[in-house]
1. Could you compute the net charge surrounding Gln12? Neighbours are other residues with a C-beta less than 14 Å from the C-beta of Gln12; K and R count +1, D and E count -1.
2. Considering every pair of different Cα atoms, what Kirkwood radius, in Å, is found for the chain?
3. Report the label-to-label distance for Tyr163 and Asp150 in nanometres (one decimal), using points 7 Å from each Cα along the Cα→Cβ vector.
4. Mind checking the full-extension length gain between Arg71 and Thr58? Use 0.36 nm per residue of separation minus the Cα-Cα distance, one decimal, nm.
5. What percent do you get for the relative contact order of the stretch 53-105 when only Cα pairs under 8 Å and 6+ apart count?
6. Residues with amide H under 5 Å of Val155's amide H, sequence separation 5 or more or different chain, H placed in the peptide plane at 1.01 Å from N; which?
7. How big is the gap, in Å, between the Cα center of the stretch 125-172 and the Cα center of the stretch 63-109?
8. What full-extension length gain, to one decimal in nm, is calculated for Ile5 and Ser18 as 0.36 nm per residue of separation minus the Cα-Cα distance?
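Any read-out appearing in this document is the output of simple, stated calculations on the displayed coordinates, not a laboratory observation. All values derive from a computational prediction rather than experimental measurement. Here the Cβ positions follow ideal geometry from the backbone for every residue, glycine too, while neighbour counts run over all protein chains shown.
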Amino acid sequence: MNDWITGYVAAQKAALDSIPTDAVARLIRTFQKAWREDRQMFVFGNGGSAANASHFATDLGKGASDKLPRRFRVLSLNDNVPWMTALGNDYSYEDVYLRQLQNYARPGDLALTMSVSGNSPNLVKAIHWAAANGLHTIALVGSKRGRLADLAHDVIVIDDTHYGRVEDCHMGICHMLCYAFMERPEMAASNGAAGS
């Protein structure tokens, strides 16, 4: 068992090392711009990625916002279970995020999704609609990339296909997006580069 744990930790470190710092810095600047323009931010995923989306919305909406003069407007689309079941039952499961975006989203808003495969039909459908309707779209995916990597404006690929390791890396990126504002709140209102 110790050998398995050592191997797992080594593989997790390799996955973390595949996170492109320049791409994360660009996302921080994208969130900085969205905050300055008071844009609505939508996050969503399936399974473990749904849990990551909820966690991210909590950290951005509470922790990061507590440090700023104005709060992030962020919403996790996978948190309203009755609405999701109504949409899944009356339309299809592929529509559970798309149809919420149709209620809420406006051009200039931001949509971020996480998917290890990059091919979840409900995420693909929502990001396709979002990109076609003027939202800035972001996808965090695994090394299979999937259709999301072709659709989203900004894509970060983790060099692994293991669900646990990729989801851990995605959450690490989400934490960086939040802690950039929690630990450097002066950056939010500035026009400077996030990488400085």
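1. Numbers: positive: Lys13, Arg165; negative: Asp17, Asp159, Asp160, Glu167, Asp168.
The answer is -3.
2. Values: mean 1/r = 0.0589 Å⁻¹.
Kirkwood hydrodynamic radius for the chain: 17.0 Å.
3. Label-label distance for Tyr163 and Asp150, simple model: 2.5 nm.
4. Values: separation 13, 0.36 × 13 = 4.68 nm, distance 1.20 nm.
Stretched out fully, the Arg71 to Thr58 stretch lengthens by 3.5 nm.
5. Values: 31 pairs, mean separation 13.7, N = 53.
Once divided by the residue count of the stretch 53-105, the mean separation gives 26 percent.
6. Ala139
7. If you average the Cα positions of each part, the centres end up 17 Å apart.
8. Working: separation 13, 0.36 × 13 = 4.68 nm, distance 2.01 nm.
Answer, rounded to one decimal: 2.7 nm.
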